[in-house]
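First comes the structure, then the notes that go with it.
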Amino acid sequence: MIARPPAPGDLEVVLALLRAADASVAGDSDWTASDLRAEWERLDLERDAWVVELDGAAAGYASFEAKGGRMLADGYVDPVRRGRGVGSELVRLTEERARAELPEVQAGERVYLQNATLDTDEATVGFYRGRGYQPVRRFRGMQIDLEDEPDVPEVPGIELRLYRHPEEARAFHAAHQDAFASHWEFRPVPWEEWRKRQEKDTFDPTLWWVAAAGDEMAGVSICEHKRDPALGWVEALGVRPAFRRRGVAAALLKTAFAEFWRRGERRVGLGVDGESPTGATRLYERAGMSTLWHAVVWEKELRARD
């Protein structure tokens with residue numbers, strides 16, 4: 001078994017592995033080449049990503065990111081090579097990397113490593129619990145296949161319109177941060193860092209919308225048209241607390257559906273916190289979306305808070 005950093009020429013092979021791992025559990029995958037390319041552009045591949053090979057073929061892949069005391073790992077095993085220690089090696093690599101990052105985290109801050117998996121069977125539960133992980137949150141991937149042009153509901157006092165780039169960028173950032181401030185594991189993202197994250201190669205301001213209440217942004221949504229394979233994607237949709245329970249979120253969602261329909265895209269997907277206190281999952285189900293996958297976030301504490 002060999003572990004090495006991914007090379008640019010590995011993209012298609014690793015993408016096929018990711019999609020096969022997802023499909024073996026969920027029947028499909030929302031990973032695209034543009035997703036993986038964006039991840040590799042963001043990461044230091046020499047330190048924070050691994051391809052594990054067995055018999056000369058890619059058998060597993062994992063990535064790592066540090067967000068202060070919160071460490072994130074994401075690992076996949078080729079379904080035809082399960083049971084051969086690949087998953088154990090990926091966990092070892094990501095835990096070793098996380099521990100190397102401990103001195104960089106402010107003294108006294110709690111440090112923990114999280115890993116999400118679509119598998120919820122007994123073997124997977126035993127795998128993570130046996131290594132000191134506990135389940136802390138559940139998420140869903142949801143999709144809809146549009147059969148007719150969606151109707152966009154009107155919301156009294158609210159105008160649904162495109163975001164105006166770049167003059168509204170800071171106001172959009174502020175509204176986005178306010179809308180997600182109560183989200184699980186939310187940490188404020190400074191303006192410059194947020195701007196760099198959003199203006200990636202898939203950035204398309206003609207797929208960003210604002211729900212405006214006069215001069216104030218009541219809600220926002222960020223969408224993109226994924227490629228390889230094509231998929232309409234709702235990256236973020238949030239409503240500020242003062243404007244909730246008025247139908248703003250549903251109107252933003254249907255606006256996205258309608259625009260993707262106009263562009264010829266019939267499948268639209270998103271990821272959602274399955275335990276969202278705002279009832280986001282119910283909103284998406286009422287809009288006709290169904291669950292493609294369930295994910296469990298597993299967490300292991302590496303250093304307790306002083």
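The values are calculated or read from the model by the stated rules, or taken from the named source; none is laboratory data. Fair warning: this is a prediction, and the values are worked out from it, not measured in the lab. Backbone-built Cβ (ideal geometry, glycine too); neighbour counts: all protein chains shown. Remember, those area values only see protein heavy atoms, side chains included, never the ligands or the DNA or RNA. Shrake-Rupley method; radii C 1.70, N 1.55, O 1.52, S 1.80 Å.
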Turns out the helices (runs of 4 or more DSSP H) fully within region 1-117 with at least 3 residues that are within 26 Å of Val268 (Cα to Cα) are 11-26, 33-42
A careful count of residues in region 258-293 that are over 20 Å from Pro229 (Cα atoms), of a type in the set (S, T, N, Q) and open to solvent by 50 Å² or more (accessible area, probe 1.4 Å) gives 1
Scanning region 212-235 for residues that are of a type outside the set (Asp, Glu), in a strand (DSSP E or B) and within 19 Å of Asp145 (Cα to Cα) gives Cys223, His225, Lys226, Leu231, Gly232, Trp233, Val234
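Yes/no matrix, rows are residues, columns are (1) at pLDDT 95 or above; (2) more than 16 Å from Asp22 (Cβ to Cβ):
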position	(1), (2)
Gly56	no, yes
Ala62	yes, no
Arg92	yes, yes
Met142	yes, no
Within region 153-195, residues being in contact (Cβ under 8 Å) with a residue 60 or more places away in the chain, open to solvent by less than 50 Å² (accessible area, probe 1.4 Å) and assigned to a loop (DSSP other than H, G, I, E, B) number 3
Checked against (1) over 21 Å from the mean Cα position of the chain (by Cα); (2) within 25 Å of Arg161 (Cβ to Cβ), Asp204 satisfies every condition except (1)
